[in-house]
Amino acid sequence: MDRDLFELSLIGTGDDSDPSGRIGGFLSGILFVAVLSFAYWLHSAEGFGREFSVSVLAGSALGFVMQRSRFCFFCNFRDYYQGGDPRGTLGILSSLAVSVLGTFAVFDAWIPSPEAEYLPPNAFIGPVHVHLLLGGFSFGLGMLLSGSCISGHLYRIGEGSFGSFPALFGAGIGFILGFSTWNRLYGLWIADAPVIWLPHNLGYAGSAAVILAVLFAAALWVSKDGIPVSRGTDPSFTNVRKKFPRVLFEGRWPSWIGGILVGVISVLYYLRVRPLGVTSELGRISINAANHFGILPDRLYGLDAIAGCVTKAEAGSWTINAVFVLSLVAGSFVSSFASSQFRPSVPEAPWHKIFLSWFGGILLGWGACVSIGCTFGTFFSGISAGSLSGFVFAFGLIFGILSGNRMLNGADKNSTKV
């Protein structure tokens with residue numbers, strides 16, 4: 001959570017001797033059973049089925065792990081470039097390593113000869129051109145201004161962060177702006193852009209070796225100044241014995257554990273449903289709203305034909321991605337309640353923070369639309385699939401974050417001088 005937020009704890013310290021802590025654990029247990037029951041019902045309900053059921057389980061598991069380990073792409077990177085703490089970034093790199101190995105194993109079972117002309121089904125392997133750099137830059141700057149990426153805002157809602165709602169509302173507006181500019185960008189760059197899948201040229205083993213080497217080099221770079229050593233628990237609980245499963249909710253999990261679990265969830269979800277992604281439902285809502293007011297072109301060229309976390313027509317009012325996203329929030333909510341970390345929070349300077357969050361959300365939405373995905377879709381799932389598009393998007397992300405940070409620091413220094 002941001003340090004400049006005013007927080008109000010609802011359910012105590014989480015100590016076993018604290019009645020409010022026991023109440024929080026009891027309520028979180030009820031919510032957990034409710035999530036499992038909902039997944040079971042969806043499995044046999046007419047119009048839903050296995051994929052919806054698995055989406056509930058995977059989404060809630062992802063939200064739970066993200067909350068427990070503070071797995072946020074922007075927050076973890078910010079800890080490194082602002083405070084020199086590489087642990088969160090190493091967690092992201094470990095999640096990518098696990099996901100790459102698992103996803104390539106799935107590919108090898110489905111497509112034994114990667115030299116063939118076709119691509120793995122549903123994998124987020126997109127066209128590579130300037131639009132990824134522009135979208136990544138916009139998304140990175142949006143993360144900086146709003147305080148998180150889209151998936152981070154979703155899991156923070158489960159912790160009680162009201163500041164995430166303006167960001168998500170802004171992201172919807174950003175999607176509408178992205179759809180408004182889509183045909184122009186598609187004609188300029190995307191239509192004829194190459195789709196580069198590394199195993200086509202390097203095979204599975206060669207591609208995995210190259211990607212893992214890049215991840216290992218990045219890990220060496222961010223940890224060159226050393227890794228802080230911590231006990232991994234909140235100091236206030238040092239002399240308190242914890243029983244299972246309460247021990248799972250004491251403090252935060254180490255970033256590398258969260259990263260490994262996110263990688264495992266991504267592989268299992270792709271094997272049973274589709275790659276991880278959190279933006280297609282938000283895009284669907286945005287495009288429906290824009291069409292209602294007649295402000296979009298009659299046709300968005302090529303959008304449905306591009307692999308990625310994009311808006312596609314799905315039968316029914318409930319889509320798989322909607323169920324997945326809501327389950328992510330629910331999983332985070334269960335985790336935060338059980339660990340006594342559910343804290344409704346409002347900014348100290350509400351209107352200023354709300355505007356920054358809203359405007360940053362617009363940049364998030366436009367960047368996600370143009371790049372056909374966000375940090376989970378284009379970046380994480382793209383790299384996991386061996387797509388060059390994920391790496392190009394990552395360059396845009398990093399440049400957007402660092403450039404925005406430099407501009408904000410420069411503005412702060414000038415205001416101080418005045």
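The values are calculated or read from the model by the stated rules, or taken from the named source; none is laboratory data. Every value quoted in this text rests on a predicted model; they were computed, and no experiment measured them. Note that each Cβ is placed from the backbone with ideal geometry, even for glycine, and that neighbours are counted across all protein chains shown. Keep in mind that these areas ignore ligands, DNA and RNA; they rest on the heavy atoms of the full protein, side chains included. Shrake-Rupley method; radii C 1.70, N 1.55, O 1.52, S 1.80 Å.
Once the Cβ-Cβ distance between HIS200 and ILE398 is put in as r, and R0 is 30 Å, what FRET efficiency do you end up with, to the nearest 0.05? My answer for the efficiency is 0.70.
Note on LEU212: accessible area is roughly 60 Å² with a 1.4 Å probe, heavy atoms of protein only.
Based on the alpha-carbon gyration tensor of region 66-184 and its eigenvalue square roots a ≥ b ≥ c, which shape applies: rounded if a/c is under 1.5, prolate if not and a/b is larger than b/c, or oblate? Oblate, since a/c reaches 1.5 and b/c is not below a/b. Indicate the gyration tensor shape class of region 128-226 (rounded, prolate or oblate), computed on the Cα atoms with a ≥ b ≥ c the square roots of the eigenvalues: a/c under 1.5 is rounded; otherwise a/b larger than b/c is prolate and the rest oblate. Oblate shape, in that a/c is at least 1.5 and b/c is the bigger or equal ratio. Note that region 278-395 presents 39 Å² accessible area per residue, ligands and nucleic acids not counted, probe 1.4 Å. Here the Karplus relation 6.51 cos²θ - 1.76 cosθ + 1.60, evaluated at θ = phi - 60°, turns the backbone of region 210-220 into coupling constants of 5, 5, 5, 5, 5, 5, 5, 5, 5, 5, 5 Hz, with x for every Gly and Pro. Extension gain for LEU220 to ASN291 (0.36 nm times residue separation, less C-alpha to C-alpha distance): 20.7 nm. Ranked by the mean number of other Cβ atoms within 10 Å of their residues, highest first, the peptides 318-331, 183-196 come out as 318-331, 183-196.
Please give the residues of region 250-286, grouped as numeric ranges, whose backbone N is less than 19 Å from a label point set 7 Å along the Cα-to-Cβ vector of THR181. Only 283-284, 286 pass the distance filter. Among 394-403, 59-68, 296-305, sorting by the average number of other beta carbon atoms lying within 10 angstrom of each residue, highest first, gives 59-68, 394-403, 296-305. Placing a label point 7 Å from the Cα of LEU188 along the Cα-to-Cβ line, the residues of region 349-363 whose backbone N sits under 19 Å from it are 363. With a/c under 1.5 counting as rounded, go ahead and sort region 146-194 into rounded, prolate or oblate using the C-alpha gyration tensor (a ≥ b ≥ c being the square roots of the eigenvalues; past the cut-off, prolate if a/b is larger than b/c, else oblate). Prolate is the answer for region 146-194, as a/c is 1.5 or above and a/b outweighs b/c.
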